[in-house]
Amino acid sequence: MENRQLGSSSLMVSPISFGGNIFGWTADEATSFRILDGFVDAGFNFIDTADVYSRWHDGNEGGESEVVIGNWLARRGKRDDLVIATKFGMEMGPGMVGLSPKYMVEAVEASLRRLKTNYIDLYQSHKDDPDTPVEATLEAYAKLIEQGKVREIGASNFSAERLKEALDLSKTGLPRYQSLQPLYSLVERDTFEGALEELCLEENIGVIGFYSLASGFLTGKYRSKDDLAGQIRAPRVEKYLNDKGFAIVAALDEVAEKHNAKPGQIALAWLMARPSVTAPIASATNMDQLAELVKAVDVTLDKADIDKIDAVSA
């Protein structure tokens with residue numbers, strides 16, 4: 001397994017990023033520590049989170065995932081061997097939202113404190129903020145980079161037009177978004193493919209898509225509405241239970257059988273084979289799922305495999 005360069009940045013990242021939205025939500029701290037240890041011990045180095053994870057869960061206020069990762073970092077050490085990515089900009093409370101310079105300063109200090117680190121490898125704008133000039137956001141990032149608090153910056157949930165505006169401004173000497181974190185999986189290709197993907201390829205932007213396994217649907221775990229009973233992700237997964245979704249899973253089943261692999265591994269291998277993708281983001285909530293996840297890098301799809309999957313998912 002070879003690490004990949006994230007855009008034109010100095011960051012070399014593993015071909016899968018671990019999605020930290022589960023920490024403090026569907027995985028308690030002890031389980032999270034085991035999963036993180038297992039992920040890194042398997043040779044991976046890229047962990048993605050956000051300040052807002054997991055504010056949506058009853059009793060949580062946001063920051064729970066960063067706290068878990070920070071406690072793990074403090075226990076494990078070897079901080080410089082890891083690429084820690086986090087995000088800000090989603091609402092964390094009254095007045096705590098957006099990409100303004102003032103709020104960025106508050107948000108980064110809170111994330112650094114929770115993560116128990118003095119720098120963030122990849123600090124990302126979690127969503128676009130039409131109320132803040134792009135130039136002002138990039139100037140604020142420049143100060144954080146100068147202070148050594150942030151190494152590189154990225155964007156998430158941006159349109160092609162707004163990402164291009166930021167990239168054009170960066171040509172004047174401002175920091176450059178080196179990555180894009182879009183919604184991207186075999187059941188949701190249209191959000192990224194097209195203008196956004198073309199821009200990322202043209203500008204050498206590293207793509208680290210989220211919901212790569214469509215909340216578990218692409219692992220083959222949910223094959224009927226009965227499988228959703230009692231599942232925390234049921235509201236999100238239900239929309240995939242249709243003819244197209246089932247056709248995609250059937251194609252993954254066929255290709256998986258050929259490679260002696262699992263459907264989810266094939267879904268990740270398909271993403272990793274895309275020229276635009278640097279590292280899809282995926283999660284595991286137990287050690288069995290993690291063992292399956294990390295082995296996805298061992299699967300190499302041929303043209304026939306990719307054509308079969310494309311035929312049902314495009």
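Give the aspartates and glutamates whose C-alpha is closer than 17 Å to that of Lys295, dropping any in the same chain fewer than 8 places away, or say none.
Glu2, Asp37, Asp41, Asp253, Glu257
Mind giving me the nanometre distance, one decimal, between the label points for Ser8 and Thr26, set 7 Å out from Cα along Cα→Cβ?
3.8
Given a cut-off of 19 Å, name the pairs among Lys102/Lys171; Lys239/Lys303; Lys149/Lys171; Lys127/Lys164 whose C-alpha atoms lie farther apart than that in the structure shown. Working shown, then result.
Working: Lys102/Lys171 24 Å; Lys239/Lys303 29 Å; Lys149/Lys171 22 Å; Lys127/Lys164 15 Å.
Violating the 19 Å limit, Cα to Cα: Lys102/Lys171; Lys239/Lys303; Lys149/Lys171.
Want the number for Lys78 to Lys102: 0.36 nm per residue separation, take away the alpha-carbon distance, what's left?
Computed gain between Lys78 and Lys102 is 5.5 nm.
List, largest first, the extents of the alpha carbons of region 77-235 along their principal axes, each in whole Å.
Ordered largest first, region 77-235 gives principal extents of 52, 37, 36 Å.
Could you list log10 I(q)/I(0) for the chain at q = 0.12, 0.14, 0.15 Å⁻¹, which the Debye formula gives when each Cα is one point scatterer?
-0.79, -1.09, -1.25
What does the highest-first list of 65-73, 248-256 look like by mean Cβ count within 10 Å? It would help to have the intermediate numbers written out before the result.
On the way: 65-73: 22.9, 248-256: 20.2.
Those peptides, ordered most packed to least, come out 65-73, 248-256.
Among Met96, Met12, which comes first, then next, by fewest other beta-carbon atoms within 10 Å?
Met12, Met96
How big is region 4-181 along each principal axis, measuring the range of its Cα positions in Å and listing the largest first?
The principal-axis extents, from largest down, are 45, 37, 28 Å.
Would you mind getting the Kirkwood hydrodynamic radius of region 213-304 from its Cα pairs, rounded to one decimal in Å?
13.7
In deg cm²/dmol and to the nearest 500, what is the mean residue ellipticity at 222 nm of the chain if only DSSP H runs of at least 4 residues count, each as -39500 (n - 2.57), divided by the residue total?
Computed mean residue ellipticity for the chain: -12000 deg cm²/dmol.
At a 10 Å Cβ-Cβ cut-off, how would you order His126, His57, fewest neighbours first?
His57, His126
Sort Val97, Val150 by Cβ crowding within 10 Å, fewest neighbours at the top. Please list the in-between numbers first.
Numbers: Val97 19, Val150 24.
Placing the least packed residue first, the sequence is Val97, Val150.
So which residue, out of Gly24, Gly95, Gly38, gets the largest mean-square fluctuation from a GNM of the chain using Cα contacts under 10 Å as springs?
Among Gly24, Gly95, Gly38, the largest mean-square fluctuation in the Gaussian network model of the chain belongs to Gly95.
Counting DSSP beta bridges with both partners in region 145-210, what percentage is antiparallel, nearest 5?
For region 145-210, the DSSP antiparallel bridge percentage is about 10.
Bear in mind these aren't lab numbers, they're just calculated from the coordinates by the rules spelled out. All values derive from a computational prediction rather than experimental measurement. All Cβ positions, even for glycine, are placed from backbone atoms using ideal geometry, and neighbour counts span all protein chains on display.
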